[in-house]
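Quick note: the coordinates plus some simple rules give every number you see, no bench work behind them. Because the structure is a prediction, the values reported are computed rather than measured. Counting neighbours? That spans all protein chains shown, and the Cβs are built from the backbone with ideal geometry, glycine included.
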Amino acid sequence: MIGILRSFYLLALVLLLCFAGCVTVKHTPSPPRERYTEANALGMIRTSRGTLAPVYAPLAEQIVTDLNLREKEGVGIDLGSGPGTLILELCRHTRLHWINADINPHFFPYFYEQAQQRGFGHRVSAVFADACALPFRDNYADVIVSRGSFPFWQDKRRAFGEIYRVLKPGDVAYIGRGFSRNLPVATAKKIRGKQGRKMKYDVDKAANELRQIMKVLQIKEWEIHRPNPPGGDNVNYGLWIEFHKPKS
Ligand SMILES: C[S@@+](CC[C@H](N)C(=O)[O-])C[C@H]1O[C@@H](n2cnc3c(N)ncnc32)[C@H](O)[C@@H]1O
C-alpha cells in the first residue's frame, strides 16, 4: 500500500514539475545568445561607469520625488537594468526591495557585487526576464522603472502590456531613455558629445510610438515627459512615459 502511495506521489510530483516546466519555458524563452553576450554586458558596465556615470544619481532623485517613492514599501522592478546602477541609487532613497529584471544574466554577478559593496545586498534581487513575457504574476510590483531599454524590446506593445499587467492597481510605471530634467545641461552636452552619432534618434517619432501603444492597450492615465531644462534646447534629453494603473 505504501509502495502504491509512494508511486502515486512520485507521478503527481513529476506531472507538477512538467507543468511548472511548461509554464517556465513559456515565460522565460532563452535569449538569442549572439545578442546578449558577456562582452555585451561588459561593454555596458564600462559605459555605466564612464560616459553615463553622472546620469543615474539625478535620475533616481527625480524618480523618487516625482513618483513619491521615499516612504513606499514593497517591490520595485527596474526592467532592463543591466549593471543595475539606477537601482543602487534608488536604494539610497527608498525602502523598496528592487529587482533587476534583465534579459542578459551576464550583468548579475557585477550587480550583486556592487550592491553588496554598498550595503544593499539584502535589498536587491536579479531575475532573468524578457520584457515581452515578464516572469512575474499579475499585480505584483509596487513600481516599475526602466532606462534605456525599451528601444531594444522586440515587441514594444506586448512589453508595455506586460508592465501594465505586472503593476499593482493604483501604482505607476516610469519608462524611458535619456536623462532627467535635473541633469545639468553642461553634463548632458558632454555625454551626448561622447556618444556621437550612434545615439541620435527621432524623439517625436518615439513619442508617437508610445502614444499609439497607450491607445492600443487602452491605458487611460499616461503622460509623456520630454525634459527640457533652461539652456537645454539643443540637447537631446530623451523621453519618458509615466503611466498609472487605476485602483480596481
Ligand atoms: C542600454 S542598456 C541600459 C541599461 C540600464 N538600464 C542603464 O541605463 O544603465 C539596455 C538594457 O536592456 C536590456 N534588454 C534588452 N532587451 C531586453 C528585453 N527584451 N527584456 C529585458 N531587458 C532587455 C539589455 O540587456 C541591457 O541591460
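Computed quantities for the displayed model
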{"quantity": "For Val55, Val216, order by how many other beta-carbon atoms lie within 10 Å, fewest first", "calculated": "Val216, Val55"}
{"quantity": "For Trp153, distant residues with modelled amide H under 5 Å away", "calculated": "none"}
{"quantity": "Compactness of the chain as Cα Rg over 2.2 N^0.38 Å, two decimals", "calculated": "1.11"}
{"quantity": "Contact order normalised by residue count of the chain, Cα under 8 Å, 6+ apart, percent", "calculated": "17 percent"}
{"quantity": "Cβ-placed point charges (K, R +1; D, E -1), dipole of the chain about Cα centre in debye, nearest 20", "calculated": "440 debye"}
{"quantity": "Trypsin sites (Lys or Arg not before Pro) within the stretch 193-248, DSSP loop, no more than 14 other Cβ atoms inside 10 Å", "calculated": "Lys200, Lys220, Lys247"}
{"quantity": "Interatomic Cα distance distribution for the stretch 57-141, bins of 5 angstrom, percent", "calculated": "3, 16, 26, 25, 19, 10, 1"}
{"quantity": "Spin-label zone in the stretch 66-80 - amide nitrogen under 16 Å from a point set 7 Å from the Cα of Glu223 along the C-beta vector", "calculated": "66-69"}
{"quantity": "Taking Asp130, Asp102 and counting other C-beta atoms within 10 Å, the order from fewest to most", "calculated": "Asp130, Asp102"}
{"quantity": "Net charge over other residues, Cβ less than 9 angstrom from the Cβ of Trp98 (K, R count +1; D, E count -1)", "calculated": "0"}
{"quantity": "Residues whose placed amide H lies under 5 Å from that of Asn139, excluding near-sequence neighbours", "calculated": "Val166, Leu167"}
{"quantity": "Likely footprinting exposure, Lys245, Lys72, fewest C-beta neighbours within 10 Å first", "calculated": "Lys72, Lys245"}
{"quantity": "Cα centroid separation, the stretch 90-125 to the stretch 190-248 (Å)", "calculated": "26 Å"}
